Amino acid sequence: MTPSISLENVLAILPDLALLVLLIAVIVYNGLIADDDDRRNVGLVTAWGAAIILFGMLLLAFIYPDYSMQPTLHWGGMVVAGPVTLSFRAMFLIALMLTALLSLDVPELQRGSYFALLITATIGFDMMAASADLIMLLVALETASISLYLLVGFNTRSRRSTEAGIKYFVYGAFASAIMMYGMSLLYGVTGSTNIAVIGTMVGNAFAGVVPVEIISLLLVSAVMLVAGFAFKVSAVPFHFWTPDAYEGAPTVVTGFLSTASKAAGFAVFFRVFSAGVFGYPEPGRASWAWWAMLVAMCILTMVLGNFLAIWQQDIKRMLAYSSIAQAGYIMMGLVALLKSQGDDVPSAAGGGAAIFYLLMYVFTNIAAFGIIVLVSRKSNSTQMKDFYGLSRRSPWLALAMLVALLSLGGIPPTAGFFGKFFIFQAAVEADLWWLAAIGILNAFVALFYYLTVVKYIYLYRSDDDDVRITVSRAAGVGLAITIVAVLYLGIFANSAYTWAIEAAQNFVQF
Amino acid sequence: MIPLSWYLIVSALLFSIGLFGLLARRNAVAMLMAVELMLNAVNINLVAFWRYQTPEAPAGLAWAVFVLTIAAAEAAVGLALIISVYRRRDSVIAEELDTLKF
């Protein structure tokens, strides 16, 4: 086999190459600025770079529809290009752009290394979504994780941030070591590192009689992989780090961590499990066992996340538990997709719903955390009482927070409603109506604590009602983009959903 | 030749020791060392599987090199975080990191 680099190969990783160029540009530019100058421009370069790469990528996909709608393998089966990769990459670039914009007004984050780490993490996420090989997946996942450990602990002057960083690091290293061990077992069983090849081999093996030691090795490996991925998406019982890391991290980083990192975790979760690496769940088969485990995790994640969120007095901690619950809803999409893959006519509804949900979640949660950044800047705390009477202090911010909270809760004019609706619809289609029912009940519980915050914002009074909150132009633009996107995805949900379903067909066929 | 299972048993033991160390140790540096043990167990697995299952394809070897690199990067970042915590509160004992809790 002679190694050769074709144009398609380069196109498949062009967004990552562009991000790499942006990374170098940011580092060089940062070096040119004097130490005591302000680093606003470095952040602006990052945000503009992300926006340009995003538009370039979408334009390229629009000009060459074959390139964007056909899943193809590149670089010797390491990287897969196609609509799934494209949609996840779009989410990460959006998250990078918005996070950079919202970071501009946070003084302790005005360092070149902060923006460089943000871009490195995005490259890691990008490669995670594009990986078609276990080695690639591992390297990409660690690129993203290691940058995130540093981002969470970035504010070295704060006790909370450093503590959150080390907690996130210890749990993260633990989960990834377990995941790597599971992957090495999978490699031992199949002798291949390519996800699609492993899927085919295991599928063929399951058609005949499988020796019991192979089945048990596959099950152990499945449990270990689930542990690693569930850590990334913060699903119960691998959620312990979430509240601490989310509360302690600089708030902007929390927004990035809760959206982009979760989306990347789900990208690999879907990729690996929908390829049939551990077989497809059918009653009576061994593969039913890990599927049932995923269902149990999905239910636990929703219930525990929502019920623990009710008691929180710190809004970042509340949103951390809410983000655990949201991971539960997205897992419902995964579970439904996997179940339907065992059927005769597989349906991609679960995958499409999850992609739509993650996209709307990126906008919604970054909006929510961006507003927390602005509100908490004066008081330097993120307690619920800092939000009392927000509508008097800044009506526009209050309105934006209202839209974000309604979207998180799933109230109609916002994208969150359709996100939940599509997920529950996919679950019902896969004959999991009882799971959808649990999800709907949970959504009502969640409404309670989201609307409590709305009550604080609009009905409560605080002593500093007359203290205005200043919003810089960059933060204003960032928030406006998120809110418009949340409303747009809510009103024209169908066009985005059609695209997501079409993209998700790849999970079924590939 | 030594059977494959011997290597796998060593690797599983090493992994378990690492897991135990991570759960039982209170010092963050010791926890980091435990993680390194777990990653070494992964490497033993990978190289053994490569040698016995697919000696003609170097994927397992390449993978082990990547795991080594990842372990090095993780140790560097982990020690950096441990130092930044130590500067804030003169301790790297896990139980004393309790600013963030329910």
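The values are calculated or read from the model by the stated rules, or taken from the named source; none is laboratory data. Because the structure is predicted, anything quoted here is derived from the model rather than measured. Here Cβ is always computed from backbone atoms with ideal geometry, including for glycine, and neighbour counts include all displayed protein chains. We work out accessible area using only protein heavy atoms, side chains counted, and drop any ligands, DNA or RNA first. Shrake-Rupley method; radii C 1.70, N 1.55, O 1.52, S 1.80 Å.
Data overview
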| item | result |
| --- | --- |
| Matching option when the condition is small (Gly, Ala, Ser), part of a helix (DSSP H, G or I) and either at pLDDT 95 or above or under 22 Å from residue A:240 (Cα atoms) (or both), among A:327, A:289 | A:327 |
| Residues of the stretch A:168-184 that turn out to be surrounded by 24 or more Cβ atoms within 10 Å (Cβ to Cβ) and touching a residue at least 60 places away in the same chain (Cβ under 8 Å), as a count | 2 |
| Those residues of the stretch A:386-426 which are under 20 Å from the mean Cα position of the chain (by Cα) and open to solvent by 60 Å² or more (accessible area, probe 1.4 Å), in sequence order | A:417, A:421 |
| Matching option when the condition is buried (at least 22 other Cβ atoms within 10 Å of the Cβ), without any contact (Cβ under 8 Å) to a residue 60 or more places away in the chain and at negative phi, among B:10, B:47, B:65, B:42 | B:42 |
| Identity of the residue in the stretch B:68-83, within 7 Å of chain A (Cβ to nearest Cβ) and closer than 16 Å to residue A:176 by Cα, that ends up surrounded by the most Cβ atoms within 10 Å (Cβ to Cβ) | B:78 |
| Count of residues meeting criterion [facing chain A (nearest Cβ under 8 Å) and open to solvent by 40 Å² or more (accessible area, probe 1.4 Å)] in the stretch B:84-93 | 2 |
| The stretch B:20-61, residues that are within 7 Å of chain A (Cβ to nearest Cβ), touching a Gly at 6+ places or on another chain (Cβ under 6 Å) and farther than 30 Å from residue B:85 by Cβ | B:46, B:49, B:53, B:54 |
| Some residue of the stretch A:144-154 being surrounded by fewer than 22 Cβ atoms within 10 Å (Cβ to Cβ), free of Cβ contacts under 8 Å to residues at least 40 places away in the same chain, assigned to a helix (DSSP H, G or I) and touching a Phe, Trp or Tyr at 6+ places or on another chain (Cβ under 8 Å) | no |
| Residue in the stretch A:427-451 that is nearest to residue A:495 (Cα to Cα), counting only those that are more than 20 Å from the chain's Cα centre (by Cα) and open to solvent by less than 30 Å² (accessible area, probe 1.4 Å) | A:427 |
